[in-house]
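Written out below as structure tokens is the structure these notes cover.
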Amino acid sequence: MIQFSGKSVYKGIVLGTVRVLRNQDDPVRRRKVGDAEAEILRVAEAGEKAMEQLKALYDKALGEVGEASAAIFEIHQMMLEDEDYLDSIHGMIRTELVNAEYAVAVTGDNFSEMFAAMDDDYMRARAADVKDVSNRLVRILEGRGDDGLASMEPSILVADDLTPSETVQMDKEKILAFVTVHGSTNSHTAILARMMNIPALVGVPFELSDIRDGMPAVVDGFSGTVSFEPDGETCAWAEKRMEEEREKLRLLEELKGKETVTIDGRRVKLYANIGSVGDVGYVLESDAEGIGLFRSEFLYLGREDFPTEEEQFQAYRQVVQTMGGKKVIIRTLDIGADKQADYFGLGKEENPAMGYRAIRICLKQPEIFKAQLRALFRATMFGNLSVMYPMITSVEEVREIFRVAEKVRAELDAAKVPYRCPEQGIMIETPAAVMVSDELAELVDFFSIGTNDLTQYTLAIDRQNERLDDFYDPHHPAILRMIRMVTENAHKHGIWAGICGELGADLALTEEFVRMGIDELSVSPSMVLKIREKIRGINYLITI
């Protein structure tokens, strides 16, 4: 048994087998072959497997994000059957007597460059698609399947690191836990792990090359350790702890259907945070009273071009319809920092966390913003939808947002497209917004405090920097004073204030937040019942 210690992202425990996610960017090796026709047959067989994968992905996307977003997998299926593409692969194999993997990789690069050089926007967009299709074929030819994830059994995922876009695309039913060599406990990937309710460790100092697929392992998020090839005693201990955790969850289940109210009757709205349409099931299962943060930027990640207005509308409509009249607060896109999408053309920044991101992109590139607002306003006809704007620093920014929103409403009116005027709020996640929160409260319908970025900017600590984890203190008195100030200013002007950052799920602060007067907490679905239990044990009228 070999044991390593890391930083715990979510305090769970699991016993299972390992699946290693290796770097997919390694160059494809060129080999000389003697039987060209055998290699061409391998390409055909890989194409059949790729077609099966793409059909499965289409069906999955159709159920989670709607027909418009799923259409990309139909395009990939058509590319697999393109005669020019296949003729190029076959010709290279026959004339150069090279292995199928190499011929596919080179053909994919050539076609991708050809499309990228075209004048037509649609054809340029296909450059990334043909590259994706070629990469899929290469993975199959090399025996790596669909990134090693689509066909795997439920496993403990081990990787060097994971980006937010990689994490959000995972089949959550197949990930028992994840363990990474790098990563910060405050990164967005860590936040997603907590939302997905999977035990996870980051910053674990092992050599990825020493870990093999199929190895048994125990991930203990309570102690922050992972044990590879555990002995019988460790396995028995892990199984006992897992049963204890299941019993705790069973007891929490009894709180479903009960109100989130203190002993003396003070109610707190208890909502959940999500990152995709597919996460709504976790919200319903957790018995949350609504969605306090739908991170809409995840509609933009893991793809090669902007989602259309229609794609966004279908996603928002599906969420609000599924929630059946419960409040759904959708945050406009917060791309930037650790959430990168190449097609935005953001470029490299020395300090992206403090750079061109979120509402700054929206106000500088208003056509992107207007497309999202049109989709959001249209979706108001199907449920209880509110809109929330991130990274606010000034009153003028809010006024400019509302000017753009007014133009969008005028466009919808002119086109006779029905919509309702949603509740509009802002995130308080910069010290500047805190200090002018009394003025901001006069303009908006609600505040939602984003404690992750608020802590980062207040303490001058990049929360993605794993070397600074020991200095990142969300309990710092300055943070708590800011939360109190924002809440008081909100109430002074008759609007409500909530917390949608990770601090909202911190059980050590729940009672303090209730006593501050926080009206709403939006947390990971896995924390909803734990927070409800805590609030139901508080006597608000008793001073401490």
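The values are calculated or read from the model by the stated rules, or taken from the named source; none is laboratory data. Since we're looking at a predicted model, the values are computed, not measured. So basically every Cβ, Gly included, is an ideal-geometry build from the backbone, and we count neighbours across all protein chains shown. SASA here: full protein model, heavy atoms, side chains in, ligands and nucleic acids out. Shrake-Rupley method; radii C 1.70, N 1.55, O 1.52, S 1.80 Å.
Remarks
- Selection of segment 350-360 for residues being open to solvent by 50 Å² or more (accessible area, probe 1.4 Å), free of Cβ contacts under 8 Å to residues at least 60 places away in the same chain and within 18 Å of Met427 (Cβ to Cβ) yields Tyr356, Arg360.
- The residues of segment 475-497 that are of a type in the set (Lys, Arg) and more than 13 Å from Phe447 (Cα to Cα) amount to a single one, Arg481.
- Whichever residue in segment 467-487 is open to solvent by 60 Å² or more (accessible area, probe 1.4 Å) and part of a helix (DSSP H, G or I) and, among such residues, is nearest to Asp519 (Cα to Cα): Arg484
- Tallying residues that are part of a loop (DSSP other than H, G, I, E, B), free of Cβ contacts under 8 Å to residues at least 60 places away in the same chain and buried (at least 17 other Cβ atoms within 10 Å of the Cβ) within segment 444-466 yields 2.
- With respect to the stated conditions, Ile538 is closer than 27 Å to Val283 by Cα, in contact (Cβ under 8 Å) with a residue 40 or more places away in the chain, β-branched (Val, Ile, Thr) and not in a helix (DSSP H, G or I).
- Hits in segment 364-390 - residues which are out of contact with any Lys or Arg (no Cβ under 9 Å at 6 or more places or on another chain), at pLDDT 95 or above and either closer than 23 Å to Ile428 by Cα or among the aromatic types (Phe, Trp, Tyr) (or both): Phe369, Gln372, Leu376
- Whichever residue in segment 391-434 is assigned to a loop (DSSP other than H, G, I, E, B) and of a type in the set (Gly, Ala, Ser) and, among such residues, is nearest to the chain's Cα centre (by Cα): Ser394
- Of the residues making up segment 361-395, just one is touching a strand residue (DSSP E or B) at 6+ places or on another chain (Cβ under 8 Å) and open to solvent by 40 Å² or more (accessible area, probe 1.4 Å), namely Asn384.
- Elements of type strands (runs of 3 or more DSSP E) contained in segment 1-92, each with 2 or more residues being open to solvent by less than 40 Å² (accessible area, probe 1.4 Å) and modelled with pLDDT under 90: 7-10, 13-21
- The single condition from (1) surrounded by 23 or more Cβ atoms within 10 Å (Cβ to Cβ); (2) more than 27 Å from the chain's Cα centre (by Cα) that Gly504 fails is (2).
- Residue in segment 366-373 that is small (Gly, Ala, Ser) and closer than 28 Å to Gly325 by Cα present: yes
- Val226 open to solvent by less than 20 Å² (accessible area, probe 1.4 Å), touching a helix residue (DSSP H, G or I) at 6+ places or on another chain (Cβ under 7 Å) and closer than 21 Å to Lys172 by Cβ: no
- Within segment 388-402, residues that are under 18 Å from Trp496 (Cβ atoms) have Cβ atoms under 6 Å from residues that are open to solvent by 40 Å² or more (accessible area, probe 1.4 Å) in these pairs: Val398/Leu443, counting only partners at least 6 apart in sequence or on another chain.
- The residues in segment 301-316 that are open to solvent by 20 Å² or more (accessible area, probe 1.4 Å) and either in a loop (DSSP other than H, G, I, E, B) or in contact with a Pro (Cβ under 9 Å, 6 or more places away or on another chain) (or both) can be counted, and the count is 6.
- Residue in segment 131-150 that is in contact with a strand residue (DSSP E or B) (Cβ under 6 Å, 6 or more places away or on another chain), open to solvent by less than 10 Å² (accessible area, probe 1.4 Å) and modelled with pLDDT of 85 or more present: no
- Condition broken by Glu233, with the remaining ones in (1) farther than 20 Å from Lys530 by Cβ; (2) open to solvent by less than 80 Å² (accessible area, probe 1.4 Å); (3) in a helix (DSSP H, G or I) satisfied: (2)
- Residues of segment 252-277 that are outside any loop (DSSP other than H, G, I, E, B), open to solvent by 50 Å² or more (accessible area, probe 1.4 Å) and over 16 Å from Ile291 (Cβ atoms): Glu253, Arg267.
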